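Chemist: Here it is, the structure in full.
Derivation of every value follows stated rules applied to the coordinates shown; laboratory data play no part. All values derive from a computational prediction rather than experimental measurement. Glycine also receives a Cβ, built like all others from the backbone with ideal geometry; neighbour counts cover every protein chain displayed.
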Amino acid sequence: MNILFILNDPPYGTERSYNGLRMAKALINADTNITVFLLADAVNCAKAGQKVPQGFYNLELMLKSVIRSGKVLLCGTCMDARALKDDEIIEGTQRSTMKELAQHTIDADKVLVF
């Protein structure tokens, strides 16, 4: 089964992206193909080198665990609007386009939006 997650919220300040990634991680071992597409402020979830207080969740680490078995794509236009450069994002994530998001949406058996 192909499952597409679309995340919109920033990495910290709300827990929507955190909860979306929790669900993605939970489904990885369920015979699924997981794709996470980061839009709007969610592109900052893929910023490399995140430092958070001890005991606080770290979305960089969560994304790295998704990357091992799935795919993480970032809206290139959203990256540009937030001055996030390709060399600043987590290894294994990649800049993408709305056209690619549209194709993943067509190919998905389920689409979950957070």
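Chemist: So which residue, out of Lys71, Lys25, Lys51, gets the largest mean-square fluctuation from a GNM of the chain using Cα contacts under 10 Å as springs?
Modeler: Lys51
Chemist: Using 0.36 nm per residue of separation minus the Cα-Cα distance, give me the extension gain between Val111 and Met98 in nm, one decimal.
Modeler: 3.2 nm
Chemist: Now for a separate question. Suppose R0 equals 22 Å. What FRET efficiency, 1/(1 + (r/R0)^6) with r the Cβ-Cβ distance, do Glu88 and Thr14 give to the nearest 0.05?
Modeler: 0.50
Chemist: Oh, and also: Helix-only estimate, please: 222 nm mean residue ellipticity of the chain, summing -39500 (n - 2.57) across DSSP H runs of length 4 or more and dividing by its residues, to the nearest 500.
Modeler: -9500 deg cm²/dmol
Chemist: Return the single residue from Leu73, Leu84, Leu39 with maximal mean-square fluctuation; model: Gaussian network over the chain, springs between Cα atoms under 10 Å.
Modeler: Top of the fluctuation ranking is Leu84.
Chemist: Can you compute the label reach from Gln54? Point 7 Å from Cα along the Cβ direction, backbone N cut-off under 11 Å, restricted to the range 1-21.
Modeler: Hits in the range 1-21 for Gln54 at 11 Å: none.
Chemist: Determine the gain in length on full extension of the stretch Arg68-Asn33; use 0.36 nm per residue of separation and subtract their C-alpha separation, reporting nm with one decimal.
Modeler: The span from Arg68 to Asn33 would gain 11.5 nm if fully extended.
Chemist: Of all DSSP beta bridges in the chain, what percent run antiparallel (nearest 5)?
Modeler: Of all bridge pairs located within the chain, approximately 5 percent are antiparallel.
Chemist: For the range 37-114 and the range 3-19, write down the distance between their C-alpha centroids in whole Å.
Modeler: Using only Cα atoms, the two centres lie 10 Å from each other.
Chemist: Now, a different point. For Kirkwood radius over Cα pairs in Å, the choices are (i) 14.5; (ii) 13.8; (iii) 15.1; which was calculated from the structure?
Modeler: (ii)
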